[in-house]
1. So, restricting to strands (runs of 3 or more DSSP E) that lie completely within segment B:1-102, which ones have at least 1 residues that are within 14 Å of another protein chain (Cβ to nearest Cβ) and either within 22 Å of A:L103 (Cα to Cα) or of a type in the set (K, R) (or both)?
2. What's the number of the only condition in (1) more than 24 Å from B:F108 (Cα to Cα); (2) surrounded by fewer than 15 Cβ atoms within 10 Å (Cβ to Cβ) that A:L40 fails to meet?
3. Do the conditions hold for A:T80, that is, is it in contact with a Gly (Cβ under 7 Å, 6 or more places away or on another chain) and farther than 30 Å from B:N10 by Cα?
4. For segment B:51-90, which positions are under 20 Å from B:H29 (Cβ atoms), exposed (fewer than 12 other Cβ atoms within 10 Å of the Cβ) and out of contact with any strand residue (DSSP E or B) (no Cβ under 9 Å at 6 or more places or on another chain)?
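Here, each number is a calculation from the coordinates, and none is a lab measurement. Computed from a predicted structure; not experimentally measured. Here the Cβ is made from the backbone with ideal geometry for all residues, glycine too, and neighbour counts use every protein chain on show.
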Amino acid sequence: GENVEQHPSTLSVQEGDSAVIKCTYSDSASNYFPWYKQELGKRPQLIIDIRSNVGEKKDQRIAVTLNKTAKHFSLHITETQPEDSAVYFCAASRPGSSNTGKLIFGQGTTLQVKP
Amino acid sequence: GAGVSQSPSNKVTEKGKDVELRCDPISGHTALYWYRQSLGQGLEFLIYFQGNSAPDKSGLPSDRFSAERTGGSVSTLTIQRTQQEDSAVYLCASSSSSFVGSNQPQHFGDGTRLSIL
């Protein structure tokens, strides 16, 4: 079945450094890849998403890259700040008449940014 | 309201009891999703509603789980004869998808933390 693998499960960086989280997906028909940030006890918040017709998307300190051939996509956070500390989830969704838009999530990455 | 609203925020109940969880999506959003998040885990898809289409129930873990969406807005997730393994945070999301497969961003509620004693 559809599967999304996310690595690493935990990531600790120094404030100001960059953080990279990687995900691979199994369903080659997937065409939509959102990233969510979830702070402790709070709802997942969409921070960026990318569709399969582009290879990269950037929003200030956050960027996402997509390699359709290799079926992987990555989240890049530059100039990390303590408030970036949270759990980050990647997800994938497929198109088509059989799709209901359901997201298949990775297992999450706990990012700790040390001051 | 401005966002997805879920109630109750917390629910503690005894094993074997039935529970009902409520989701009020963002106004105008036609697509509604239920997910489950177990402690320290990712989100697991449960069920999806889109307009008048038949719901996608492919993620429901057992026949003790059911959901309905009345009037195309509010949704209720019901768990019958609860078991301890049902303990989790149940999250609802909605999106403005106007047709199946349009992959519009999903916005989540705060969830209901369900604890089965």
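1. B:5-7, B:19-24, B:31-37, B:43-50, B:65-69, B:88-95
2. (1)
3. When the stated conditions are applied, A:T80 passes them.
4. Passing the criteria: B:N52, B:A54, B:G71.
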